[in-house]
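Worksheet for the structure shown next.
The values are calculated or read from the model by the stated rules, or taken from the named source; none is laboratory data. Values in this document were obtained by computation on a predicted structure and should not be read as measured data. Every residue, glycine as well, gets a Cβ built from its backbone with ideal geometry; the counts of neighbours run over all protein chains shown. Surface areas here come from the heavy atoms of the whole protein model, side chains and all, with no ligands, DNA or RNA. Shrake-Rupley method; radii C 1.70, N 1.55, O 1.52, S 1.80 Å.
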Amino acid sequence: MALTETDIAFVAKLARLHVTPDQQPALKHELNLVMGLIEQLQSIDTKGIEPLAHPLSVLHDIELRLREDERLATNTIAQRDHLMQNAPATADGLFLVPRVIE
Amino acid sequence: MNWEVVIGLEAHVQLATQSKIFSSSSTQYGATPNTQANEVDMALPGSLPVLNRQAVEHAIRFGLAIGATVSPRSIFARKNYFYPDLPKNYQISQYEIPVVLGGTLPCFVDGKALTFNLTRAHLEEDAGKSIHENFATPDGRPCSGIDLNRSGTPLLEIVSEPEMRSAAQAVAYARALHALVVWLGICDGNMQEGSFRIDANVSVRPKGQAAFGTRTETKNVNSFRFLERAISYEIRRQIELIEDGGKVVQETRLYDADRDETRSMRSKEDAHDYRYFPDPDLPPLIITPAWIAQVKDSMPELPKERRHRFVEDLGLSSEDAAQLCQDRQIAQYFEAVANALPNGQAKLAANWVMGEVAAALNREEKDIDACPLSAGALAKLLARISDGTISNKIAREIFTDMWANSTLDADAIIEAKGLKQISDSSAIGAMVDEVIASQPAIVQEYRAGKQKAFNSLVGQVMKLAKGKANPAQVNDLLKQRLDG
Amino acid sequence: MALFLDQYADIIALRQALDNKQISVKELTQTLLGEIKHHANLNAFVDVQADLSLAQAEIAEQSIACGQAGALTGIPLAHKDIFVTEGWRTTAGSRMLADYRSPFDATVVQALLKAQTVSLGKLSCDEFAMGSGNEHAATGPVRNPWDLDVVPGGSSGGSAAAVAAGLVLGATGTDTGGSVRQPAALSGICGIKPTYGVASRFGMIAYASSLDQAGVMARSAADLALLLDAISGFDPRDATSIETCRAVANAPGRILSDYTRFNNRNNTQPLAGLRIGVPNEYFGDGLNNDVAQAIDQALVVLESLGAKRVSISLPNTALSIPAYYVIAPAEASSNLARYDAVRYGHRTETYTDLADMSARSRTEGFGEEVRKRIMIGTYVLSHGYYDAYYLQAQRVRRLIAQDFQRAFADQCDVIMGPVTPTVAPAIGSLSTDPTAEWLGDIYTLSVNLAGLPGLSVPCGFAPGHRSQPLPVGLQMIGNYFDEGRLLAVAHQFQLVTDWHQRRPGAPT
């Protein structure tokens, strides 16, 4: 299943990545090399085989462990600022982003 | 052209837990921005989700209440899309295998009982909030502020089959669902705070056509009134559009309450490829029959069971039973009053709880748990009506006094104000004679066939008795004297 | 040039010296900080903060003074820059996180802190752990101490180089497709990745969640045992963390207990009764002859200790490459979506709107390899391809895991073979075909797909691209939770060989 330029543009949009027009051909070539490798999987007969999502479930069923419903104390402003210290832009304790029109 | 409307509703119900669905941050409403968001909620590098048991238990409770199948094994999946209020840029939700499947919800539409089918309900995390006022970059470009306090709040997304055929039906379903989740204690039902939000999927088709028309989704409606208006608007808009030769576009819309219209949302991704896949950070959720049985045992009596009981055991009409069972606390209050009265007086209790009590609570914007009259106190008052000591009218006056001063006892007031009903036939007879004698003109009118004249005479007797005469006896005696 | 740590064969030797006050932790730490500076050309370290290291040294010092030192008190190590650390920056080898400061420590880091080790800083890695040569790091390639022109391996290349050079006695790493075992092999040191879920992933910057696992690197199997045991344990903050390993609690002590028990078997020969499965598929055409020979010689040594070689087949081995390169990028594409310049990370200077801001920031912040894998991952999860690619890869994954279970069921106790088809390639020799680099992962990928424990120990040398001798690693793969026995077998091997004691610069 060869990738077209349209596919690449679509995937880039979904992935929030920029691909410039002059980057397109080289990227298309490389991605198609990868897809060629991956194609090998298509010819494998996996009828009746369940996907293995958690590696250890081959050993025994893995169940989701649950947490008791206990709440943490609300953070102080200082604690909050500590957690937000890497934010590129903040105001009044909020993360700032360019406005999204809805 | 005859149009048929097809509506399906998705409700996003915030589950009443102490902590969030995948982190231990508090879920309390109204905190200072971003003070209830830890590294998991902020999706800091290296953070991981851990599921809250209580959220699952609430989902089980809901599933049992609507007679649905609770999945013994369900999977959390990532719904991938970019949005600033979604810190991981994927939402942990459930896709192919949700926690609850099927189920039904009975409601009342215009007095008629209707049952709607549900498709499924699944657990997922809520997003943060965007705040749009007055933020800007130094060079003046408008910004939004993101508050992640709400991000990670547990949600149960409840999806109905597209079976509603009118805005009224949709609202009835929404109300019934709201009442149920509050009844079960799994949601606080506070719509202003966003605890219960509805997305309405609306489409129209020519009557008789089997295929569905193109539907639009109107998101995040947080009041029943707005829901009714949004759906009505959408129906009108779609019909007009089609009749004008246009086509309905499948899109997401928002209801604008100020303009009373829905409009298209421009910002959501046009390419909705969510690339769902099972979340590798969360193994399958297993719900054992033992756990389900345990939740079942701890369930409160369901509204429909209680309604049934009120009808069968207490002799209420199904409408009265339905109305009383909208709110678990009101139903409890009513039942306590009814049980404190002699047999067969449940209707009296129902009338008063739905009437005087409800009106007084509404006037003061109080909930039933703030009612100044205990169930016992009200029952004592109503007992005096049923044993003929006082009339309904007098009882209402006494009620007002008791409401204002909850230390007062019905009997005490009756005694102090001398409100005992006059039931002595000779005394009433004397008053009737007096009125007949003093109102020859009205008597004449009655004899001429005017029923209104009779009521007027009754009124005169009651006036003479200062309202304390037993109305039934007044009626009987007056009739006797007049008809001879 | 002899480094300070060269005088200590292993952790126990240093422990004795510290406890006997032959050297203080502070002096040791200061000396190492100096040597790290002196060896900056290796480019192994990305963040060094003397005051933070010395503060940890102080604590260790006090513990020793009170006679309360544990096995790892005062031992110098460093952390792969994929683990978040308070104090030191965490960059994951990426421009995206160039100045990121984590407000919390990874569980693995906390565990080693609790054990009173001293961290000398953060170690370079391939960007977001994607790579096999540490050439995809934002701070530039790391150099192999055995030959500065060749790669140390990746993605835990900085960790391998630092240990191989003798700058630290141990290092943490992560292994998603071989990224602990492979650099250990190419850099002539020891490295182990435990069973999936034995070490916590909390605080480990996620690449491929169902494959990522923390590991450790050191100079001997005995040292690995101490370090791995310390970082193992159930963590309630990681929902994939294992609570019990075959009815034994996943906690420090379990691995050391198994390790000690196997080492203390009262047998005439230390490996008597051990069946070593040797997969046919690991000795095909792609394997360099000299590497194959070194592996074979190592197996002969193990046989002399009483082990028995058994030929086995892991028929789906080759499929591990396409399966991994569907699953890992898919999970990575989702795990890396959070880097959108909103709450942290690189934010571009000019943009038109939010979507543009995120797209530009990501394109500027992520390197080429990462962007490529995100594109592939996004594609294989997209509508219409999910079943054919992602689900199919997960089904093949089960086939691969079943291959191992069949072998372990009645044919062998451990599986052994090469770690890499060749010795370390020259820096910059990567071809433009992305898949070429990936073919070298063939012996390590299936271990991650199955979630099994695997380690690498030095077993010889083979000629590199200039005919210079470069290290060869022997891979040992165990069944689930068998870390202790694996390490014991490796230890027994090291009792009768000295490959693990060779140092770069000294004659080989």
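Counting only strands (runs of 3 or more DSSP E) that sit wholly inside segment C:72-177, those with at least 1 residues that are within 30 Å of C:GLY253 (Cα to Cα), in contact with a strand residue (DSSP E or B) (Cβ under 6 Å, 6 or more places away or on another chain) and of a type in the set (D, E, K, R) are C:76-80, C:118-123. Listed conditions (1) assigned to a helix (DSSP H, G or I); (2) more than 24 Å from B:ALA360 (Cα to Cα); (3) open to solvent by less than 70 Å² (accessible area, probe 1.4 Å) are all met by B:GLY449, apart from (1).
Matching residues to (1) touching a residue at least 24 places away in the same chain (Cβ under 8 Å); (2) within 19 Å of B:VAL182 (Cβ to Cβ):
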residue: B:PHE310; (1), (2): yes, yes
residue: B:ALA321; (1), (2): no, yes
residue: B:LEU324; (1), (2): yes, yes
residue: B:ALA346; (1), (2): yes, no
residue: B:TRP352; (1), (2): yes, no
residue: B:CYS371; (1), (2): yes, yes
residue: B:ARG384; (1), (2): yes, no
residue: B:GLY388; (1), (2): yes, no
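Checking B:ALA358, B:ALA336, B:ALA293 one by one, the residue that is under 20 Å from the mean Cα position of the chain (by Cα) and either on the phi > 0 side of the Ramachandran plot or assigned to a helix (DSSP H, G or I) (or both) is B:ALA358 and no other. Only a single criterion out of (1) open to solvent by 80 Å² or more (accessible area, probe 1.4 Å); (2) under 30 Å from B:VAL337 (Cβ atoms); (3) in contact (Cβ under 8 Å) with a residue 12 or more places away in the chain is not satisfied by B:ASP476, namely (3). Can you name the residue in segment C:3-26 that is within 19 Å of C:VAL163 (Cα to Cα) and open to solvent by 80 Å² or more (accessible area, probe 1.4 Å) and, of all such residues, is modelled with the highest pLDDT? Out of the qualifying residues, it is C:ILE12.
All of B:PHE76, B:PHE22, B:PHE62 fail the test of being buried (at least 22 other Cβ atoms within 10 Å of the Cβ) and more than 14 Å from every other protein chain (Cβ to nearest Cβ), apart from B:PHE62. On the stretch given as segment A:55-85, residues that are surrounded by fewer than 17 Cβ atoms within 10 Å (Cβ to Cβ) and either small (Gly, Ala, Ser) or in contact with a Cys (Cβ under 9 Å, 6 or more places away or on another chain) (or both) total 2.
Taken over segment B:398-415, the criterion of being without any contact (Cβ under 8 Å) to a residue 24 or more places away in the chain, under 18 Å from B:ALA469 (Cα atoms) and open to solvent by less than 90 Å² (accessible area, probe 1.4 Å) is satisfied by B:ILE398, B:ILE413.
Taking the criterion of being within 28 Å of B:ASP279 (Cβ to Cβ) and either surrounded by fewer than 17 Cβ atoms within 10 Å (Cβ to Cβ) or not hydrophobic (A, V, I, L, M, F, W, C) (or both), the residues of segment A:86-99 that qualify are A:ASN86, A:PRO88. Give the residues of segment C:90-109 that are without any contact (Cβ under 8 Å) to a residue 60 or more places away in the chain, within 12 Å of chain B (Cβ to nearest Cβ) and either charged (D, E, K, R) or surrounded by fewer than 24 Cβ atoms within 10 Å (Cβ to Cβ) (or both), sorted by residue number. Selection gives C:ARG101, C:PRO103. Restricting attention to segment C:325-367, and to residues there that are within 8 Å of chain A (Cβ to nearest Cβ) and in contact with a His (Cβ under 7 Å, 6 or more places away or on another chain), which single residue is least open to solvent (accessible area, probe 1.4 Å)? Taking the candidates together, the pick is C:ALA359.
The set of residues in segment A:12-46 that are touching a Leu at 6+ places or on another chain (Cβ under 8 Å), among the aliphatic types (A, V, I, L, M) and part of a helix (DSSP H, G or I) comprises A:LEU31, A:MET35, A:LEU41. Given C:VAL370, C:VAL396, which one is surrounded by 19 or more Cβ atoms within 10 Å (Cβ to Cβ), assigned to a helix (DSSP H, G or I) and within 7 Å of another protein chain (Cβ to nearest Cβ)? Checking each option against the conditions leaves just C:VAL396.
Yes or no, residue by residue, for (1) of a type in the set (S, T, N, Q); (2) open to solvent by less than 20 Å² (accessible area, probe 1.4 Å); (3) without any contact (Cβ under 8 Å) to a residue 40 or more places away in the chain:
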{"position": "C:SER241", "(1), (2), (3)": "yes, yes, no"}
{"position": "C:CYS245", "(1), (2), (3)": "no, yes, no"}
{"position": "C:LEU256", "(1), (2), (3)": "no, no, no"}
{"position": "C:ARG261", "(1), (2), (3)": "no, no, no"}
{"position": "C:ASN266", "(1), (2), (3)": "yes, no, yes"}
{"position": "C:LEU274", "(1), (2), (3)": "no, yes, no"}
{"position": "C:PRO279", "(1), (2), (3)": "no, yes, no"}
{"position": "C:ASP290", "(1), (2), (3)": "no, no, no"}
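Selection of segment A:51-64 for residues being more than 14 Å from B:SER74 (Cα to Cα), assigned to a loop (DSSP other than H, G, I, E, B) and either of a type in the set (Lys, Arg) or within 23 Å of the chain's Cα centre (by Cα) (or both) yields A:PRO51, A:LEU52, A:HIS54. Could you tell me whether any residue of segment B:350-362 is open to solvent by 50 Å² or more (accessible area, probe 1.4 Å) and farther than 25 Å from B:VAL311 by Cα? For segment B:350-362, residues open to solvent by 50 Å² or more (accessible area, probe 1.4 Å) and farther than 25 Å from B:VAL311 by Cα: present. Close contacts from segment B:98-115, counting a first residue that is open to solvent by 40 Å² or more (accessible area, probe 1.4 Å) and a second that is of a type in the set (Gly, Ala, Ser) and in a loop (DSSP other than H, G, I, E, B), with Cβ to Cβ under 8 Å and a gap of 6+ residues or different chains, come to B:LEU101/B:ALA68; B:LEU101/B:SER71; B:THR104/B:GLY67.
Conditions (1) out of contact with any Cys (no Cβ under 7 Å at 6 or more places or on another chain); (2) open to solvent by 10 Å² or more (accessible area, probe 1.4 Å); (3) of a type in the set (A, V, I, L, M); (4) not in a loop (DSSP other than H, G, I, E, B), marked per residue:
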{"site": "B:GLY145", "(1), (2), (3), (4)": "yes, no, no, yes"}
{"site": "B:ALA168", "(1), (2), (3), (4)": "yes, yes, yes, yes"}
{"site": "B:ALA172", "(1), (2), (3), (4)": "no, yes, yes, yes"}
{"site": "B:ASP188", "(1), (2), (3), (4)": "yes, yes, no, no"}
{"site": "B:GLU193", "(1), (2), (3), (4)": "yes, yes, no, no"}
{"site": "B:ALA200", "(1), (2), (3), (4)": "yes, no, yes, yes"}
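In segment B:131-173, the residue that is farthest from B:ALA31 (Cα to Cα) out of those that are within 10 Å of chain A (Cβ to nearest Cβ) and of a type in the set (Ser, Thr, Tyr) is B:THR137.
Over 18 Å from C:ALA161 (Cα atoms) and either open to solvent by 10 Å² or more (accessible area, probe 1.4 Å) or under 19 Å from the mean Cα position of the chain (by Cα) (or both), is that true of C:GLY484? So C:GLY484 passes the test. Looking across segment A:68-91, the residues that are of a type outside the set (A, V, I, L, M, F, W, C) and either more than 7 Å from every other protein chain (Cβ to nearest Cβ) or in contact with a Ser or Thr (Cβ under 7 Å, 6 or more places away or on another chain) (or both) come down to A:ASP69, A:GLU70, A:ARG71, A:THR74, A:ASN75, A:THR76, A:GLN79, A:ARG80, A:ASP81, A:THR90.
Once segment A:24-53 is narrowed to residues that are open to solvent by 80 Å² or more (accessible area, probe 1.4 Å) and closer than 13 Å to C:ARG397 by Cα, the residue that is farthest from the other protein chains (Cβ to nearest Cβ) is A:ASP45.
Residues in segment B:42-57 that are farther than 17 Å from B:SER151 by Cα and facing chain A (nearest Cβ under 10 Å): B:ARG53, B:GLN54, B:VAL56, B:GLU57.
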